[in-house]
Every structure is written in C-alpha cells, then in structure tokens.
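Input: a single structure, listed below in structure tokens.
Every number in this text was worked out from the coordinates using simple rules, so none of it is lab data. Here the structure is a predicted model, which means the values were calculated and not measured. Here the Cβ is made from the backbone with ideal geometry for all residues, glycine too, and neighbour counts use every protein chain on show.
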Amino acid sequence: MNPLQGKRIVLGVSGSIAAYKAADLASKLTQAGALVDVILSEGAERFITPLTFASLTGRKTHTSLWEDDAHVLHVGLGEGADLLVIAPCTAHTLAKLAQGQADNLLTLTALAARCPVLVAPAMDGGMFEHPATQANLETLRRRGVQILGPAQGRMASGLVGLGRMLEPAEILGHIRLTLGRAGPLAGKHVVVSAGGTQEPLDPVRYLTNRSSGKQGFALAQAALDLGARVSLVVGATAAALPTPIGAERTDVETAAQMAEAVLRLCQEADVLIMAAAVADFRPRQVRAHKIKKERETPPPLELEPTTDILLAVAEARRRLGRPAVVVGFAAESEQLLANAQDKLERKNLSMIVANDISAPDAGFAVDTNRVLLLLPGGVVEPLPLMTKGEVAAAVLARVVRLLVEGAGS
Ligand SMILES: Cc1cc2nc3c(=O)[nH]c(=O)nc-3n(C[C@H](O)[C@H](O)[C@H](O)COP(=O)(O)O)c2cc1C
C-alpha cells in the first residue's frame, strides 16, 4: 500500500502563476488515495478557481478565514492533517510563514499544524535570491520545514533562473518519502539493482537484453514507501525512468561495473534485491576501434562468463553476515519453477521472484507482471497478474517479514 492511502493532506496554494500546476498535484494526491483539503490564498484565487480543486479532490476548497465554521476550521485542518504542503509558495507567503503571521486561512493553518510542513517556492530568480527571501527560507529550514526546490529553468517572465516550482510529480515524490519515513523499513538500507547491462564489442556496439528497468524502479519506490534508505544501481533502461525521490542512484553499464557497485553497497546493506538483468556472458575481446565491414570478414563472436553477482554476494555474506535478506529474480522462458528453485538453492537466496517471460503480459518492457515467490523449504506463493508497482509492494511486504523473522539467511 502506498503511504498516501487514506492520509489527510492540506494543500496550500498561494498567488503565483505556477498555481495551475497545483491542480495537477491535487489530482495526483487524490488518485494516490489521499484526502486532500485545499486552501487558496486571495492571491491564488486570481489565478485559479476553488471549483477546479473541488472538482479534482471531491472536497470543499477553503478560501477564507471568515467562513461560517472558521473559528475551528484552521485548527481542525491544521491539527487533523498528516502533512501540509504549500505549492506554489510565493515570496510573500514565505515571509509570513517565517514571521508567524496569520492573517489568512493558509498561514493560520500553518501555525496550527503539528504535522510535517513542505514548501515549494515559486518566484522570479531575483526574488528568490533576494537576501530577505533567503533569510526567510533559512528561518523555516531551522524550524524543520522542508524546502522543495526551486528548480532552474524558464519562468513566466521569460527570464531563466532559479525559481521555478518543482514539477508536481517531484513534489508528490517528496510527500511520499516524508509520509513513508516511519515505515517498517525505517533505519534499514535496501540495495536494488535495475535494468540490463551492456557488454561492449567495440566502441559503438554492445550486447544487451530486453530489461526495461521498470520492475527494479518500482521495487526501489516500494522500499522508500516503507521508510528504507534506498540505493538504486541502474544499468540500461528502455526509457529515461525518473529516479524515485529519495533513492541514491548509481549508474553502470557493464556486468563488471554492476558487480563492483552492488558488492560495495552490500557491505553495509540489510537487504539486496537483485532485479537487474545482468549479462551472463560478455565478448572475450573488446576492440579498441570500430570493426569495419570494408576491411574485415564478420568476426567470430567469442564469449566468456561474467561475474555471477549473486554467487559473489553469497560468498561475501558468509564472511560479513550481511545483507540479512537477499532476493533474486529468475526470468525464464521454460521450466520456470524448476530453474527458479535451483537458483534459490545454489545462490543461497532468502527468496526468489520468478517470472515467465514467454507470457505477453508479464516480464520485460510491459507494465504488468505475473510472478511466483519462492522461499526456502519449497514454499511457493503464486501472485495474480499485477502492475509492477503492486508486485513490488508484495515483494517488499515479504522482505519485511523475512527481516522480522530473522529468516533471511
Ligand atoms: C501575474 C502575476 C504573477 C505572480 N507570480 C508570482 C510568483 O510566481 N511568485 C511570487 O512570489 N509572487 C508572484 N506574484 C506576486 C504575488 O501574487 C503577490 O506578492 C501576492 O501578494 C501574494 O499573496 P499570497 O502569497 O497571499 O498569495 C505574482 C503577481 C502577478 C500579478
């Protein structure tokens, strides 16, 4: 379950041209299962209407301190919230927050709030860099307010600078990270590998595979949702997948680089989830120059094995006693169960996630997956067809149980 499900989020919107992006954020939060109460400043109402937010959230939009039930409204909204996010936050609202002013429903609610407060500034570069704004930001930071962005880029004025509000998807990622922080994996370090590897033949050609990286990225997000510190080791992916907010990302190309990164990170990890499709073989010889068809007959493709990362992890784990839990993936086109069972035992895994890549709705590139979870002792748990996000949540739920039971090794 994602950490936004059933959470009460107060979304404050102030008078910036970026207010239109707050509608997208309200929609994304609602779709993720949160109950979203929107408060518009008077300035925000110049840019966007309460009706827009009421339509997107299915809840009343609040605009005034002087609403009928206002004497308890700000306290109710502020104290009942799991998180307050102000996006966009103008220079003016920032200044009021820093001074503790409470002359509108938004700033009054911020004073009453006892929950985490996240602020996404949006303003022209000059306004953002002004010492007054910087001092206000510093005051808020010292008080524990999280400042999101701003980003560098083109602003409505036509100028380019630091002051653009972060994109709603990024703000959503920060909210998710904050709400997940106290989850059952808090204090645990999870390493996830994702994508395929590329094994060079010459400076322009390489051998690779069909891995899209989607399942690995979903696993990283699911681990973050449960409060883990996440290291994501990424090989080649089909598209430029956005890094889950909060994950520490290492990019690699070859199986050797993947092995180096994973083994290094595993020295202080509690969990390894090896979702990457690592090449089993690589060209024995890598040419320094491009192989030219005019000069050569087709060269024979001689291959040699790469390092088996999970075997190397098993060896290191015997010495170091960590990671406590190691999860492998088996992508098979035949004899799925037998091959996965064999890999589970040979590589001394805590669990293996097996998927039949010959099915059109599972495995590489698609957004869905149908997997079997195999555990030592012949335990086989088939999961129905799910999105890769749902598979990731199911795998992580199992990881939590393995850690709690201490049955990881
Ligand atoms: C067209 C227009 C765009 C504006 N955009 C911004 C902005 O992006 N950031 C900002 O800090 N102020 C911006 N302002 C100024 C604020 O709207 C103004 O300071 C207002 O008092 C903010 O009040 P509020 O923070 O209570 O919403 C803009 C004003 C106008 C007229």
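Scalar couplings 3J(HN,Hα) for the range 225-237, obtained by applying the Karplus form with A = 6.51, B = -1.76, C = 1.60 to θ = phi - 60°, are 4, 9, x, 6, 7, 10, 10, 10, 9, 10, x, 7, 10 Hz; x denotes Gly and Pro. Anything over 31 Å Cα to Cα? Flag those among 347/388; 293/388; 293/343, in the order listed. Beyond 31 Å: 293/388; 293/343. Relative contact order for the chain: 11 percent, from Cα pairs under 8 Å spaced at least 6 residues apart, divided by residue count. Return the lysines within reach of residue 60: Cα separation strictly under 21 angstrom, same-chain partners fewer than 8 residues apart disregarded; answer none if there are no such residues. Candidates past the 8-residue exclusion: 7, 21, 28. At the listed q of 0.07, 0.09 Å⁻¹, the Debye profile of the chain, built from one uniform point per Cα, gives log10 I(q)/I(0) equal to -0.42, -0.66. In this calculation the C-beta distance from residue 379 to residue 280 is compared with R0 = 25 Å, giving a FRET efficiency of 0.40. In this simple spin-label approximation, residue 239 and residue 334 carry label points 7 Å from Cα along the Cα→Cβ vector, and these lie 3.4 nm apart.
Quick one: if the Förster radius is 22 Å, what FRET efficiency do residue 42 and residue 160 give, using the C-beta to C-beta distance and rounding to 0.05? It comes out at approximately 0.15.
Maximal additional length on extending the residue 319-residue 268 stretch stands at 17.1 nm, based on 0.36 nm per residue less the C-alpha distance.
Place a label point 7 angstrom from the Cα of residue 290 along the Cα-to-Cβ direction, then list the residues of the range 166-209 whose backbone nitrogen is under 17 Å away. It comes to 200-207, nothing else.
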